[in-house]
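Worksheet for the structure shown next.
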Amino acid sequence: MPDVLARNLLDKAVMGSDGTELGTLSTMTVDTETGRLHDLVITPRNDTDAQIDLDRDDEGRYTVPIGSVQAVKDHIVVGR
């Protein structure tokens, strides 16, 4: 996957590999010791099905491990 600036990803639509639209990228978490990206933090769509089986943070946003990212183009695609 080619390098992409993080600021170009914020507010980008995120969808599951099954085509489910999850929401928009809110932020990313970073391991401060290694500098490696850890998770995508996704603000859910208002109409997103409550049955989506993803971890959530204290604010109800989805957290998806960076290793789940499959593609970054018009959408960020994550494995589900």
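The values are calculated or read from the model by the stated rules, or taken from the named source; none is laboratory data. Because the structure is predicted, anything quoted here is derived from the model rather than measured. Methodologically, a virtual Cβ is constructed for each residue, glycine included, from the backbone with ideal geometry; neighbour enumeration extends over all protein chains shown. Calculation scope for accessible area: heavy atoms of the full protein, side chains included, ligands and nucleic acids excluded. Shrake-Rupley method; radii C 1.70, N 1.55, O 1.52, S 1.80 Å.
Just a few scattered comments:
- Taking region 1-42 and a reference point 7 angstrom along Cα→Cβ of residue 59, the backbone N atoms nearer than 11 Å belong to 26-28, 41-42.
- Considering only alpha-carbon pairs that sit under 8 angstrom and 6 or more positions apart, the relative contact order computed for the chain is 29 percent.
- Among the protein heavy atoms, those of residue 9 account for about 20 Å² of accessible surface (1.4 Å probe, every chain in place).
- More than 13 Å apart - percent of Cα-Cα pairs taken over region 1-60: 68
- What you get for the chain, charging only the Cβ of Lys and Arg (+1) and of Asp and Glu (-1), is a dipole of about 260 debye around the Cα centre.
- Accessible area per residue, Å², the chain with all protein chains present, probe 1.4 Å: 68
- In this structure the amide hydrogen of residue 78, modeled in the peptide plane, comes within under 5 Å of the amide hydrogens of 15, 16, 17, 70, none closer than 5 places in sequence on its chain.
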